[in-house]
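A quick write-up on the structure given underneath.
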Amino acid sequence: TDTHVVVEEVAMKWGGVMPADSGEILAQDLRQLVDEAAPDLIIASGDLTNLGTLAELRSFQKAVQSIQTPVIPVFGGHDGNEERFAGEAGGTFTRNYEEVLGPTYYSFDRGGRHFVLYAQENYFFSEADQRRKERWLWEDLALQPQEREIVLVMHTPPRLAFLEQLAAYNVTLLLHGHWHSSKVFTHGRTTVASAPPIGFGGIDTTSRGYRLARFGEDGLELELRTLDQ
């Protein structure tokens with residue numbers, strides 16, 4: 001999560017400096033992750049870039065294409081910031097992201113489970129697009145058989161009211177980023193988990209890393225893993 005890829009050296013507001021073209025470092029981190037964890041797929045839960053420029057998005061794309069394991073991207077607010085700061089209020093600011101990485105919300109089935117990737121930061125979408133994506137979300141969830149486990153991924157943490165809406169569906173895991181820290185809690189049948197950024201440490205002093213999720217007949221197992229310097 002929160003890779004914040006840049007293509008020139010920049011001081012980050014939470015401290016530290018991201019070096020020029022951090023996409024190259026991300027590619028190294030992804031290779032280490034694959035060697036250590038051998039995952040079936042990797043989900044990157046938003047703020048993939050720092051400003052959402054085409055150059056940053058293409059640097060992220062180049063990094064994830066350097067490994068064989070599929071990397072599933074999720075839109076985060078930073079990935080639309082260039083357009084939002086330059087555009088007029090009330091618009092949709094996802095054109096750069098969609099040009100390079102694809103849709104900002106979608107779903108797929110894998111390993112007997114249903115994965116939903118959802119962009120919920122409404123201020124990056126026009127009112128019409130907000131209604132369209134919200135209608136899609138609830139219709140997509142309603143289409144799933146009750147026995148099929150659902151994994152929902154979005155960038156910012158869920159509000160309590162949203163979690164209570166999810167109680168009508170078999171959402172067993174909700175993954176998010178944004179907080180730059182490691183947090184896990186349960187609400188009803190749903191486990192909610194975040195991880196520190198893969199490229200730099202968390203604001204809670206956790207080391208940089210990722211969260212490994214293992215699905216099995218006996219349930220879900222989550223493990224927080226750190227990356228070496």
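Between F85 and D35, what is the FRET efficiency for a Förster distance of 25 Å, r being their Cβ-Cβ separation, to the nearest 0.05? Walk me through the intermediate numbers first.
On the way: r = 38 Å, r/R0 = 1.54.
Computed FRET efficiency for F85 and D35: 0.05.
Working with all protein chains in place, sort L57, L101, L51 by solvent-accessible area computed with a 1.4 Å probe, largest first.
On the way: L57 0, L101 40, L51 75 Å².
Ranked list, largest accessible area first: L51, L101, L57.
Write down the percent of antiparallel bridges among all DSSP beta bridges whose residues are both part of the range 152-194, to the nearest 5. Can you show the working numbers first?
Numbers: 4 of 9 bridges.
Close to 45 percent.
Kindly report the accessible area of the chain per residue (heavy atoms of protein chains, probe 1.4 Å, no ligands, DNA or RNA), in Å². Present the calculation step by step, with values, prior to reporting the outcome.
On the way: 11360 Å² over 229 residues.
With all protein chains present, the chain gives 50 Å² per residue.
Keeping the other protein chains in place, figure out the carbon and sulfur percent of the accessible area of the range 1-156, with a 1.4 Å probe. Walk me through the numbers on the way to the answer.
Working: 3550 of 7460 Å².
The computed percentage sits at 48.
When the solvent-accessible surface of protein heavy atoms is calculated with a 1.4 angstrom probe, in what order do K183, K62 fall, highest first? Spell out each step's value before the answer.
Details: K183 90, K62 150 Å².
Heavy-atom accessible area, descending, gives K62, K183.
R84: net charge of surrounding residues, Cβ under 12 Å, Lys/Arg +1, Asp/Glu -1, itself excluded? Don't jump to the answer; show the numbers that get you there.
Details: positive: R95; negative: D79, E82, E83, E88, E121.
The answer is -4.
What 222 nm value per residue comes from the helices of the chain, counting each DSSP H run with n ≥ 4 as -39,500 (n - 2.57) and dividing by all residues, nearest 500 deg cm²/dmol? Walk me through the intermediate numbers first.
Numbers: 6 runs with 61 residues, N = 229.
Dividing the helical sum by the residues of the chain leaves -8000 deg cm²/dmol.
So in the chain, what percent of DSSP beta bridges are antiparallel if you round to the nearest 5? Each step should come with its number before you reach the end.
Working: 19 of 34 bridges.
Taking every DSSP beta bridge within the chain, about 55 percent pair in antiparallel fashion.
P(r) for the range 1-138, please, calculated from all Cα pair distances in 10 Å bins and given in %.
12, 40, 34, 13, 1
Just by accessible area at a 1.4 angstrom probe, what is the order of I203, I42 from largest to smallest?
Values: I203 120, I42 20 Å².
Ranked from most to least accessible, the order is I203, I42.
Give me the Debye-computed log₁₀ of I(q)/I(0) at q = 0.34 Å⁻¹ for the range 128-168, equal point scatterers on Cα only, no solvent, two decimals.
Cα-only, vacuum Debye calculation for the range 128-168: -1.25.
What do you get for Rg/Rh over the range 80-174 if you use C-alpha atoms and the Kirkwood form of Rh? If you can, show how the numbers build up before the last one.
Numbers: Rg = 14.4 Å, Rh = 14.4 Å.
Over the Cα atoms of the range 80-174, Rg/Rh equals 1.00.
Given contacts defined as C-alpha pairs under 8 Å and at least six residues apart, what's the relative contact order of the range 28-179, whole-number percent? Don't jump to the answer; show the numbers that get you there.
Details: 247 pairs, mean separation 33.4, N = 152.
Across the range 28-179, relative contact order equals 22 percent.
Averaged over every viewing direction, what's the projected area of the C-alpha convex hull for the range 97-226? Give it in nm², one decimal, please. Spell out each step's value before the answer.
Numbers: hull surface 35.4 nm².
Directional mean of the projected Cα hull area for the range 97-226 stands at 8.8 nm².
What is the P(r) of the range 19-87, as percent of Cα-Cα pairs per 5 Å bin from 0?
The calculated distribution, bin by bin, is 4, 17, 26, 24, 16, 8, 3, 1, 0.
The values are calculated or read from the model by the stated rules, or taken from the named source; none is laboratory data. Quantities reported herein were computed from a predicted structural model and do not represent experimental measurements. For neighbour counting, all protein chains shown are included, and Cβ atoms are generated from backbone atoms with ideal geometry for every residue, glycine included. Heads up: the accessible areas ignore ligands, DNA and RNA and are worked out on the full protein's heavy atoms, side chains in. Shrake-Rupley method; radii C 1.70, N 1.55, O 1.52, S 1.80 Å.
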